[in-house]
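Below is one structure; the comments refer to it alone.
The values are calculated or read from the model by the stated rules, or taken from the named source; none is laboratory data. It should be emphasised that the depicted structure is a prediction, and the values quoted were computed from it without experimental measurement. Cβ sites come from the backbone with ideal geometry, for glycine too, and all protein chains shown count toward neighbours. Areas reflect the complete protein model, heavy atoms only, side chains present, ligands, DNA and RNA absent. Shrake-Rupley method; radii C 1.70, N 1.55, O 1.52, S 1.80 Å.
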Amino acid sequence: MASPVRVRFAPSPTGYLHVGNARTALFNYLFARKHGGAFVLRIEDTDQDRNVEEALGGILDGLRWLGLGWDEGPEVGGPFGPYFQSERLARYAKATAHLLAAGKAYRCFCDPEDLKRKREEALARGEPPKYDRTCLRLPREESSARAERGEPFALRFFIPEGETSWEDEVRGRVTFQNSTLDDLVILRADQHPTYNFAAVVDDAAMEITHVLRGDDHISNTPRQIQLYAALGAPPPRFGHLPMILGPDGARLSKRHGAVSVTAFRDDGILPAAMVNFLALLGWAFDGEREMFTLDELVEVFTLDRVSKNPAIFNYEKLDWMNGEYFRALPLSTRADMVASNLKQSGALPESAIADRAFLERAVAAVGDRMKRPRQFPEYAAYLYVDRVEPEPQPWAELVANPHAAARLKKLATVLSEVEPFEHDPIERAVRGLASSEGVKAGEVIMPARIALTGKKVSPGIFDVILLLGREKTVKRLRDAADRLAAQFPAPAA
């Protein structure tokens, strides 16, 4: 590439950092790092009515959490600042004055309500809504005089005849007939620039070489290319990334579940897992490998492997991937995360956090079953209560088993005597009982699991027994046996 790569991520502070925007930021970051270029963060905040005060902090926090540090932009500055569009209004005014003087833009005095009505009528006729160029036909002297009298106007850019084409970095050759494009507003009546115009002025001024963005922007690109030409600036290369859809094939939205980066963060998704998952939304290395660190992604990322087809946001795959990263963390780190979650949620008694050594043993026992910290109570709550109330379905299975009560009682006796009370002797005792009963080990283990945890799914039964300790284990087994005997009399000998 002839000139140093410069890309930008340009969010509007109108809400949270959506995962779609985060994916766009990630691809820009990877492309910049891959080519030794600059990743610029610019805040497009000219739409004052839609700006949300807290949104900027959420965007910056989300990018930092993902590890996507920016080279220029808010908080770090840079040679092409300021990086807030609201602080660049003078530049837009100068550019619009240039276009107006060159006859490439014109004032539009049309009433917004009339324009809205004409758009609705065109849509009702099944026609694309386009401005009819009423104000283009005004003599220049009349247009100037009306502006000098203080009559409000917007400024429109004149789209020339012909067609607009570009070689898209993702989609290949793309062509638009200019007849399908209307004369877009570039400056509103309140003297604030529109998105298409401000983006072009800033990208040219900041020497952006590549614009990588979602394919919902593809219809903006021919308009922007025409604006570059009118301003006498070379356009950047464009690449349009595939849309992200929900599992049902509709555009990803809140109705599918969490969609903001910070919501996933707060729900226990790890940044490394989120980055890895986002990278695979519309990009693949070889169609087989799926696990990548951020540094590895920088090494292998190329635009020619970005798909043209929409990507599906698979929540189950994200959960699986997070589990892979979570399990790879040191035990102490996993325990820290579980403790933090318990402190915040209050899902278990304070004692669950107070005994650090026991917490680490419990986290280790839960092992691969836990994919994020909030799932710990699901697999370990029985460790922190005096009495377990079994779930209805597992308990019903025990009630239907005429041998369960007797075997639980025998197991309680065996475990009350086993020495030493350690994993291997406990396992031998349990399997020995099953052998003496002439049944498979599962015929003893599953009833014991239900009696001790209240569930059919738990960590390994021998780990559960060790964590509960001899006294609590024996008591729970005997209590369950007594309760079963009361509901289902023992079979005749």
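Points worth noting:
- Enumeration of residues in the stretch 339-356 that are open to solvent by less than 40 Å² (accessible area, probe 1.4 Å) and either more than 26 Å from the chain's Cα centre (by Cα) or of a type in the set (Ser, Thr, Tyr) (or both): 348, 352
- Filtered by the rule that a residue be under 17 Å from residue 83 (Cα atoms) and in a helix (DSSP H, G or I), the stretch 1-27 gives a lone residue, 25.
- Single unsatisfied condition, residue 48 versus (1) under 21 Å from residue 182 (Cα atoms); (2) surrounded by fewer than 19 Cβ atoms within 10 Å (Cβ to Cβ): (1)
- All positions within the stretch 71-89 that are open to solvent by 30 Å² or more (accessible area, probe 1.4 Å), touching a residue at least 24 places away in the same chain (Cβ under 8 Å) and either in a loop (DSSP other than H, G, I, E, B) or more than 16 Å from residue 44 (Cα to Cα) (or both): 71, 78, 80
- Helices (runs of 4 or more DSSP H) lying entirely in the stretch 357-429 (those with 2 or more residues that are within 36 Å of the chain's Cα centre (by Cα) and surrounded by 15 or more Cβ atoms within 10 Å (Cβ to Cβ)): 376-380
- Residue match in the stretch 295-313 (condition: closer than 16 Å to residue 375 by Cα, open to solvent by 10 Å² or more (accessible area, probe 1.4 Å), more than 16 Å from the chain's Cα centre (by Cα) and polar (S, T, N, Q)): no
- Summed over the stretch 139-168, residues that are farther than 27 Å from residue 201 by Cα and among the hydrophobic types (A, V, I, L, M, F, W, C) total 1.
- Considering the conditions (1) touching a strand residue (DSSP E or B) at 6+ places or on another chain (Cβ under 9 Å); (2) among the aliphatic types (A, V, I, L, M); (3) more than 18 Å from residue 276 (Cα to Cα); (4) open to solvent by less than 50 Å² (accessible area, probe 1.4 Å), residue 25 is excluded by exactly one of them, (3).
- Each residue in the stretch 214-229 was checked for being open to solvent by 10 Å² or more (accessible area, probe 1.4 Å) and in contact (Cβ under 8 Å) with a residue 40 or more places away in the chain, and 7 pass.
- Within the stretch 324-356, the set of residues being part of a helix (DSSP H, G or I), closer than 17 Å to residue 458 by Cβ and either touching a Gly at 6+ places or on another chain (Cβ under 7 Å) or modelled with pLDDT under 95 (or both) comprises just one member, 352.
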